[in-house]
Amino acid sequence: MTEKYKKYNDINELPLHYKPAHVIRTMLDSRQISPEEIKTETLKRIAKIDNKINSFLRLCDINNDSGEKNAFWLNIPIALKDNIATKNIITTAGSRILENHIPIFDATVTKKLKDQNAFIVGKTNLDEFAMGSSTENSAFKKTVNPWDYSCVPGGSSGGSAAAVASGMAYMALGSDTGGSIRQPAALCGVCGMKPTYGRVSRYGLIAFASSLDQIGPFTRDAVDMAHALDAISGHDSKDSTSSDSAVDNYSAAALKGYDFKNLKIGIPEQYFTGGIDAGVLNRVEAAIEEFKKLGATVVKVSLPNSKYAIPVYYLIATAEASSNLARFDGVKYGFRAPEYKNLKEMYMKTREAGFGAEVKRRIILGTYALSSGYYDAYYKKAQKARTLICQDFENAFKKVDVILTPVTPSTAFKFNEKTSDPLAMYMSDIFTISINLASIPAMSIPCGLSENMPVGLQILGNYFQEAKMLAIAAEFQKHTDHHLCMPAI
C-alpha cells in the first residue's frame, strides 16, 4: 500500500508517465520520443502497477493508422470507461449480464478518437451500469485509489480516474450521471469534466439515466482537458439529444487563459453550511482566496432548491434506469440463465443472476416511482422540482461568470465504509448531483491535499460555457501547483 506522494515544481520535472498529454504531443512532434517508445513505456507501466490498482478490465491496443495525421491525440495512450462501446471489443458496463457482450459498432466518441489516431490502451473498471460512487459495485474487481490502496477511487468512473492518476493513460473517458466523473477526479487528484448535456454524443454509451448521462474526460491538467473536449464534442445525428450549437475552440481558449480582473465568481451559501470535512473546506476556501488574489471578484449567490437535489435525482435517475435496463432480459443479447421452465422464469432468473445488488435496488426504486398511483406523487413531482433547480442556476448566472463549490464533502473514504448504508453513499455526491439535473457543465480540478489525500474544487458554468471554464481553470493552474502533486508509485 502507499500513502506517499511527491510534489513537483513544474511540468519539466515530471516523469514521463505523469507528464500532461500536451507535453507528450510536443515531445512526439519534436521527435524527442517515438510513438513506439511512448506506447511501450505506457504498457510497461500498466504491467508494473495495474495488478495493484485494478484500473483496467481489459487491454485492447487499438491504434488506427487511417485517421488524421496531424491530430492532437495521434499515438497518445488513452483509456475508455467500459460502458462506452468499442467495436469487436468486449464492453460489459461492469455487469455480469454483459460479461461477454461484443458491440458491432463504435460509440461516437470512440470513433472520434480513432479518427485522431489515439492509442486506446484499454477499457476501465466502473460501478455496474455506472451506478455507484466508489467502484465497489463492479461485478469483476475493485479499483483502488492510487494515493492510498485502502481507499476507494470514487465512482462510477473510478477505473478511468485511477488510470490517469497513476500514469497509465494520458487521458481517459468516463460518464457522469450524478457526479461520476467529477467525484473520482477529485478523490484521485486529477481533472474531470461533465460537459453541458448534449455537447458530447451519447451514442454508444450504455444508458443509465438518459436525461442525465454525459460523457466527459479525465486529464492531468486543464489544457489537456480542452484538447480532449475538442476531440469529442459536436453534433451527432445518431443521438437525438445531441446539440447542434456551435463548438468552441477549447484548446485555444485554455492556452489564452483568462483575465481574472474581469472574472465574477459566485459562492453558493447552501454549499458551505456544514457537513464538509474541515480539511476539504479549508482547501476549497484557500482556492477561492487564490482567485481573489489573482483579481477575481467573489459574490454570494443562492441556490435554494439544491436541498431537494438528492431525492429528486434518485427518483428521476432510478425511474430512467428501470426503463433502460428492461432491455437486459436474456432474450436479445448478454447473459441468459442456463435453466428455466418458461419465458417468465427465464426473465426472472436471468435478471436475478445477472444484476448486482445496487442495480436491483435502483430498478426496484424506479419501477415503484413509475407505477400506477405513484407516478404523480413521486416522479412528476420530482420533475417539477428539477425545473426549480434549473431556474436557480439560470438566476445565479445572470450575476456571475462561474460558480465555485467543493466537489465532495470528504476525501476518499475507506473500502466498505459506506457499502452497508446506501444513503450515506448517495450523500457523497451531494455537491455534484444538482449539476446533472440542471444539465449545465462542471469540472473538478485539484486544489490541494487534506491529510495527504487530494481535494477537488468544482467549477460550474452556464450552458455551453466550457471554453470560459477551461480558460479560467488553465489560468488558475498557471499560478498554482496543486496539479503537480502525484502519487509516488
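Report the full-extension gain for the segment Glu345 to Ile364: residue separation times 0.36 nm, less the Cα-Cα distance, to one decimal in nm.
Gain in length upon complete extension: 5.0 nm.
Give me the distance in nm between label points sitting 7 Å out from Cα along the Cα-to-Cβ direction at Ala252 and Ser372, one decimal.
Inter-label distance under the simple model: 5.8 nm.
For Cα pairs less than 8 Å apart in space and 6+ apart in sequence, what is the mean separation divided by the residue count of segment 346-489, i.e. the relative contact order in percent? Walk me through the numbers on the way to the answer.
Numbers: 123 pairs, mean separation 29.8, N = 144.
Averaging sequence separation for qualifying contacts and normalising by length gives 21 percent for segment 346-489.
Rank these for me by crowding, Leu80, Leu281, going from fewest to most other beta carbons within 10 Å.
Leu281, Leu80
Please compute the length gained on full extension between Glu37 and Glu451, using 0.36 nm multiplied by the number of residues separating them and subtracting their Cα-Cα distance.
Gain in length upon complete extension: 145.4 nm.
Pull up the cross-link candidates among the aspartates and glutamates for Lys6, meaning alpha carbon to alpha carbon under 18 Å and not fewer than 8 places away within one chain.
Counting by Cα, and skipping residues close in sequence, Lys6 has these aspartates and glutamates nearby: Asp148, Asp221, Glu451, Asp481.
If packing is taken as the average count of other Cβ atoms within 10 Å, what order do 287-294, 120-127 fall into, highest mean first? Walk me through the numbers before you get to the answer.
Working: 287-294: 16.4, 120-127: 28.9.
The packing order, highest mean first, is 120-127, 287-294.
Restricting to Cα pairs below 8 Å that are 6+ residues apart, what does the relative contact order work out to for segment 311-424? Please round to a whole percent.
Numbers: 70 pairs, mean separation 35.5, N = 114.
After rounding, I find 31 percent.
When ranked by the protection proxy of mean other Cβ atoms within 10 Å per residue, highest first, what sequence do the peptides 425-436, 342-353 form?
Result, highest mean first: 425-436, 342-353.
So how far, in whole Å, is the C-alpha centre of segment 393-420 from the one of segment 1-57?
Cα centroid of segment 393-420 versus Cα centroid of segment 1-57: 29 Å apart.
Between Gln383 and His235, how many nm apart are label points set 7 Å from Cα along the C-beta direction?
Result for the modelled spin labels: 2.6 nm.
Provide the per-residue ³J(HN,Hα) series for segment 384-392, in order, calculated from phi with Karplus coefficients 6.51, -1.76, 1.60 and θ = phi - 60°, each as a whole number of Hz, with x at glycine and proline positions.
Couplings: 5, 5, 4, 4, 5, 5, 4, 5, 4 Hz.
Quick one: work out the % antiparallel among DSSP beta bridges in the chain, nearest 5.
Working: 36 of 51 bridges.
Bridges in the chain are about 70 percent antiparallel.
With a 10 Å radius around each residue's Cβ, average the other Cβ atoms per peptide and rank 252-259, 132-139, 366-373, highest first.
132-139, 252-259, 366-373
Among bridges DSSP assigns within segment 14-157, what percent are antiparallel (round to 5)?
If I count the DSSP bridges inside segment 14-157, around 60 percent turn out antiparallel.
What's the center-to-center distance, using Cα atoms, between segment 252-316 and segment 184-219 in Å?
20 Å
Output the relative contact order of segment 90-176, whole-number percent, from Cα pairs under 8 angstrom with separation of 6+ residues.
Details: 138 pairs, mean separation 19.9, N = 87.
Once normalised by length, the contact order is 23 percent.
Would you please give the residues with an amide H less than 5 Å from that of Val301, counting only those at least 5 places away or on a separate chain, with H modeled from the backbone geometry?
Ile267, Glu269
What is the fewest-to-most order of Lys142, Lys418 by other Cβ atoms lying within 10 Å of their Cβ?
Final ranking by Cβ density, sparse to dense: Lys142, Lys418.
What size of dipole, in debye to the nearest 20, comes out for segment 284-364 about its Cα centre when the only charges are +1 on Lys and Arg C-beta atoms and -1 on Asp and Glu C-beta atoms? Numbers along the way, then the final one.
Details: 14 positive and 9 negative charges, 57 e Å.
The dipole of segment 284-364 has a size of about 280 debye.
Give me the number: length gained by fully extending Lys332 to Ala286, i.e. 0.36 nm times residue separation minus the C-alpha to C-alpha distance, one decimal in nm.
Here the segment from Lys332 to Ala286 would lengthen by 11.2 nm.
The numbers here are math on the coordinates, done by the rules we state, and not lab data. Predicted model, so just to flag it, every value in this text is computed and none were measured. Counting neighbours? That spans all protein chains shown, and the Cβs are built from the backbone with ideal geometry, glycine included.
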